[in-house]
Structures are given as C-alpha cells and as structure tokens.
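Worksheet: the structure to be examined is printed underneath.
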Amino acid sequence: MDNLSDFSGISKPHLIRLFRKYVGCTPREYILRLQIENAKQLLESTALTIKQIGIMVGIEDANYFSRFFKSRAGLSPQDWRTTHRV
C-alpha cells in the first residue's frame, strides 16, 4: 500500500477508503480472500502437499496455513480436499 500510495499521490488511508468503497473490503481482506480461493483450487485440482500449497499462496508455515485455512473455510485443508476433490 505504501508503494501504491506514493505512486498515485493519494494518502494511504484515503487509498484504503477508496479500495473499500469500490471493492467492498480492505486491501488486506481482499488478499486474504484470494489466498483462500487459490488454496481451495489447488487442493481440489492437484496432489500437492498442504505445505506446498501454503507456500504457493504465500504462507510458509504449514501449521499456520492449516489454522488460517480452517478459520476461513470452515474445514481443514485435508478435509476440504477430501470433500471437494474433482
């Protein structure tokens, strides 16, 4: 956000307000949603390990990724893979 704020000449708080107005959530929340959606897709369509998927979506620690995923998706990554496998 700092780089975008500097580049656009808009203050960081105003930039966040504009983002929320047009996208419906903060930039941070938007990124978290993207991480979860990407992880879901990878869990459903690949045989990658949970750790590999966590790394691919930007979360290096497999334990943290599992807790984060479960808090957002309602299921552990392994349970998600089992119930949503294509």
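Values quoted throughout were computed directly from the atomic coordinates according to the rules given, and no laboratory measurement underlies them. Just so it is clear, the model here is predicted, and its values are computed rather than measured. Cβ coordinates were reconstructed from backbone atoms using ideal geometry, including for glycine residues, and neighbour counts include every protein chain displayed.
Rg ratio for the chain: its Cα radius of gyration over 2.2 N^0.38 Å, N being its residue count, equals 1.31. Within a straight-line Cα-Cα reach of under 14 Å, residue 51 can be paired with the following aspartates and glutamates, leaving aside sequence neighbours fewer than 8 residues apart in one chain: 60, 61. Applied to region 23-39, the Karplus parametrisation 6.51 cos²θ - 1.76 cosθ + 1.60 on θ = phi - 60° returns per-residue 3J(HN,Hα) values of 9, x, 7, 6, x, 4, 5, 4, 5, 4, 5, 4, 4, 5, 4, 5, 5 Hz, with x for Gly and Pro. Between the beta carbons of residue 61 and residue 23, assuming R0 = 35 Å, the FRET efficiency works out to 0.80 to the nearest 0.05. The average projected area of region 1-44, computed from the convex hull of its Cα atoms over all directions, is 3.4 nm².
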